[in-house]
Amino acid sequence: MSADEWLARWREGRIGFHREAVHPALERYWAGLGLAEDAKVLVPLCGKSRDMRWLAANGHPIMGVELSPLAIEQFVAQHDLPIQRYRRDGFDCTRQGRIELWCGDFFHFQVDHAVELGGFYDRAALIALPPPTRQRYAHHLAQLLLPGVRGLLITLAHDDPERGPPYSVDAAEVERLLVPNFEIEPLESAVGEDGLRESVWALTRRGPRV
Ligand SMILES: C[S@@+](CC[C@H](N)C(=O)[O-])C[C@H]1O[C@@H](n2cnc3c(N)ncnc32)[C@H](O)[C@@H]1O
């Protein structure tokens, strides 16, 4: 899907991917990653995910990146905390409490943020992207993270290659895309009532720690 198609989805309210409840895998597995409580967490393609509030409530500063300004407006409207708006590195940023949302294209989000990031959370980001872009995403994510940084990845798989998003990303593809730059640990995998297989992975950026 193109950027314009995502923006149209938000305008038209076609956001079936959005969950009103915190994702159970986040609550189940996040602590097991062993991140420092104040580690800043990158949330690529963040939408208006309530998971960011859960992470922030658990002490983490959040850096979310999202194409749609409407998603960001809807996110901050959920809360009556004060909001600050500013430009940084070509992005329109909105801060509310510990959560900073960068409005723009994730692929333009620069590598110099690596020093700031202590963790990441991908729910419905990799699987939102068509096949050629997934390779680019996996590479870009790795470039943003220093060795040793850990995060959670939640993927979906189904048996219709014509369908998406959510695109089907099976275990073999997760390995092919991510193993070059991450140690990956499967945490759980189950087929839901919707017939989609949801899998949860713990990822650790490879390379010598600095
Ligand atoms: C499937 S939704 C998932 C949102 C969120 N992670 C969640 O769990 O609800 C994918 C989101 O990525 C955004 N998006 C798509 N391409 C993007 C890009 N290149 N850069 C930033 N955001 C993007 C879309 O606008 C959409 O909100």
> In terms of modelled amide H atoms, which long-range or inter-chain residues lie less than 5 Å from the amide H of F182?
Replying inline: R206
> Once the dipole of the stretch 1-154 is set up with Lys and Arg at +1 and Asp and Glu at -1 on Cβ about the Cα centre, which of Q110, F91, Q143 lies farthest towards its positive end?
Replying inline: Q143
> Quick one: length gained pulling D38 to E12 fully straight, 0.36 nm per residue minus the C-alpha distance?
Replying inline: 5.7 nm
> Tell me, in nm to one decimal, what length is gained between R163 and E5 on full extension, where the rule is 0.36 nm per residue of separation less the Cα-Cα distance?
Replying inline: 55.3 nm
>> Using only alpha-carbon positions, what ratio does the radius of gyration of the chain give when scaled by 2.2 N^0.38 Å?
In response: 0.96
> Relative to the present Cα-Cα distance, how much length would full extension add between H139 and N58 at 0.36 nm per residue of separation?
Replying inline: 26.3 nm
>> Need one number: % antiparallel among DSSP beta bridges in the chain, to the nearest 5.
In response: 65 percent
>> Could you order the peptides 95-108, 2-15 from most to least packed, using the average number of other C-beta atoms within 10 Å per residue?
In response: 95-108, 2-15
> Along the stretch 82-92, what does the Karplus equation 6.51 cos²θ - 1.76 cosθ + 1.60 (θ = phi - 60°) give for ³J(HN,Hα), rounded to whole Hz, x for Gly and Pro?
Replying inline: x, 10, 10, 10, 7, 9, 8, 6, x, 10, 8
> In nanometres, what is the gap between the two model label sites at D112 and L81, each 7 Å from Cα along Cα-to-Cβ?
Replying inline: 2.7 nm
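Every number in this text was worked out from the coordinates using simple rules, so none of it is lab data. These figures come from a predicted structure and were not determined experimentally. So basically every Cβ, Gly included, is an ideal-geometry build from the backbone, and we count neighbours across all protein chains shown.
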